[in-house]
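The values are calculated or read from the model by the stated rules, or taken from the named source; none is laboratory data. Just so it is clear, the structure is predicted and the values come from calculations on it, not from any experiment. In this analysis, Cβ positions are derived from the backbone assuming ideal geometry, glycine residues included, and neighbour counts consider all displayed protein chains.
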Amino acid sequence: MPTIRSVARALPPHYADQEQLIAAFRDAWSKQHFNLERLEDLHRAVGVGGRHLALPLAEYAQHTTFQQRNDAWVKGAVELGEKAVREAVAAAGLALGDLSHIFFVTVTGLATPSIDARLCNRLGLNTDIRRTPIFGLGCVAGAAGTARMSDWLRGFPERHAVLLAVELCSLTLQREDLSIANIIASGLFGDGAAAMVMSGDQVAKPGAPGKRLPKVVATTSAFYPNTERVMGWDFVDTGFKVVLSAKVPEVVSQHVRHDVDGFLKSQGLDRSKIRHWVAHTGGPKVLKAFEQALELPPDALKRSWASLREVGNLSSASVLFVLSELLESEAAQPGDYGLLMAMGPGFCAELILLQW
């Protein structure tokens, strides 16, 4: 069973609280929308206190084309990704040269060569490094990347690998789109990156006394047929136009209990055995759907709620942020089970069983 050795978080230096962002949107949309109070109510309802941004708030108006925004995404993704990977590798007690594989996930920008290739040069990674860039999984990608990395390490148990998730959601904003989906997305999603280092079970583990690290016991995937329009992008002349159905919480409610119970049963467990729940910060309605469908105890998702409030939904990086908070808290005891779960475009889910 591969071991998660570290998770590092990285946030852009620019920050705006939600009221500052609402004021900026009010100025941008005042001539196009007759009911600004409704827009402001939607932004406040997502439960986000503020967000880190790839650019200073005043500079967004200067990026009017898809090329300008994507160029800013490439620059920001490389800088933020480098920071996250360096910190994760150092926290794992490894050197960059110890890495054999880099997995990269994103859904907010395009680059060829991909960001992982550009980081190979900046980080000085080995020339025989394996690279797996994954685009299009959205919010589920942090969990999916974790699962795919653990799959690889089961086949190469003497190796180390890193997963990098970078999302600069603010650079996808469509100013001309006054749909409810775009308005909610503009109030919910933030910018950030996270990197996770994982090692196979035939390598030396960290020597820090008393350090408790989770192993990846098992993973599973669930795909829901005919749900392509629940979440995703439409690619238009101006870039990424969000698809975000009001049915997302409904789909969560319909499926998550069945999926979780079936997965745990396959491992000889049930929900009562899970001490730590790590859910991606999909928004208030999604988190409530998780809580209600799984009959979770009070505060089971407190770290997800706190992350949503503090930095917003970071798409693929969000579930890794929540896991990082759990690891830093040292709340897990030897033998504890945890369940990491996320959902995203497809529509689909990824579940990962952890044990300390």
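Search the stretch 26-41 for residues that are of a type in the set (D, E, K, R) and pair each with any residue that is at pLDDT below 75 and surrounded by 14 or more Cβ atoms within 10 Å (Cβ to Cβ) when their beta-carbon atoms are under 8 Å apart and the residues are at least 6 apart or on different chains.
26/36
Evaluate the following for residue 108: is it hydroxyl-bearing (Ser, Thr, Tyr), crowded, with 18+ Cβ neighbours inside 10 Å and either modelled with pLDDT under 95 or under 24 Å from the mean Cα position of the chain (by Cα) (or both)?
Yes; evaluated as a whole, the condition is true for this residue.
Taking into account only those residues within the stretch 15-44 that are among the aliphatic types (A, V, I, L, M) and either in the same structural domain as residue 246 (by TED's automatic domain parsing) or assigned to a helix (DSSP H, G or I) (or both), which is nearest to residue 81 (Cα to Cα)?
Within the stretch 15-44, the match that is nearest to residue 81 (Cα to Cα) is 21.
Of the residues in the stretch 45-75, how many are assigned to a helix (DSSP H, G or I) and either assigned by TED's automatic domain parsing to the domain that holds residue 249 or in contact (Cβ under 8 Å) with a residue 60 or more places away in the chain (or both)?
7
Check off (1) surrounded by fewer than 20 Cβ atoms within 10 Å (Cβ to Cβ); (2) assigned to a loop (DSSP other than H, G, I, E, B) for residue 154 and give me the number that stays unchecked.
Condition (2) is where residue 154 drops out.
Does any residue of the stretch 87-94 turn out to be of a type in the set (D, E, K, R), within 22 Å of the chain's Cα centre (by Cα), at pLDDT 95 or above and crowded, with 22+ Cβ neighbours inside 10 Å?
The answer is no, given that none of the residues of the stretch 87-94 is of a type in the set (D, E, K, R), within 22 Å of the chain's Cα centre (by Cα), at pLDDT 95 or above and crowded, with 22+ Cβ neighbours inside 10 Å.
When the residues of the stretch 159-210 are narrowed to those that are among the charged types (D, E, K, R) and not in a strand (DSSP E or B), which ends up modelled with the highest pLDDT?
Ranking the qualifying residues of the stretch 159-210, first place goes to 159.
Take the stretch 239-267 and flag every residue that is in a loop (DSSP other than H, G, I, E, B) and within 22 Å of residue 327 (Cβ to Cβ).
Listed by number, the list holds a single entry, 267.
Looking at the stretch 109-145, which of the residues that are touching a strand residue (DSSP E or B) at 6+ places or on another chain (Cβ under 6 Å) and among the hydroxyl-bearing types (Ser, Thr, Tyr) is farthest from residue 72 (Cα to Cα)?
132
In the stretch 249-279, what residues are farther than 17 Å from residue 221 by Cβ and touching a residue at least 60 places away in the same chain (Cβ under 8 Å)?
Of everything in the stretch 249-279, those that are farther than 17 Å from residue 221 by Cβ and touching a residue at least 60 places away in the same chain (Cβ under 8 Å) turn out to be 269, 273, 274, 275, 276, 277.
Might you let me know whether the stretch 164-173 holds any residue that is within 25 Å of residue 200 (Cβ to Cβ) and in contact with a Ser or Thr (Cβ under 8 Å, 6 or more places away or on another chain)?
yes
Residue check, residue 12 against (1) outside any helix (DSSP H, G or I); (2) touching a residue at least 40 places away in the same chain (Cβ under 8 Å); (3) over 21 Å from the mean Cα position of the chain (by Cα), all met but one. Which one?
Answer for residue 12: the failing condition is (3).
Just one of 303, 271, 275, 229 is touching a Leu at 6+ places or on another chain (Cβ under 7 Å), among the basic types (Lys, Arg) and surrounded by fewer than 19 Cβ atoms within 10 Å (Cβ to Cβ); which is it?
The conditions single out 271.
Does at least one position in the stretch 138-147 carry a residue that is surrounded by fewer than 17 Cβ atoms within 10 Å (Cβ to Cβ) and either outside the structural domain of residue 279 (by TED's automatic domain parsing) or not basic (Lys, Arg) (or both)?
no
Based on this model, can you work out whether residue 40 counts as in contact with a helix residue (DSSP H, G or I) (Cβ under 9 Å, 6 or more places away or on another chain) and within 25 Å of residue 308 (Cα to Cα)?
yes
Would you mind stating whether residue 58 is closer than 16 Å to residue 160 by Cα and surrounded by fewer than 24 Cβ atoms within 10 Å (Cβ to Cβ)?
So residue 58 does not fit the description; no.
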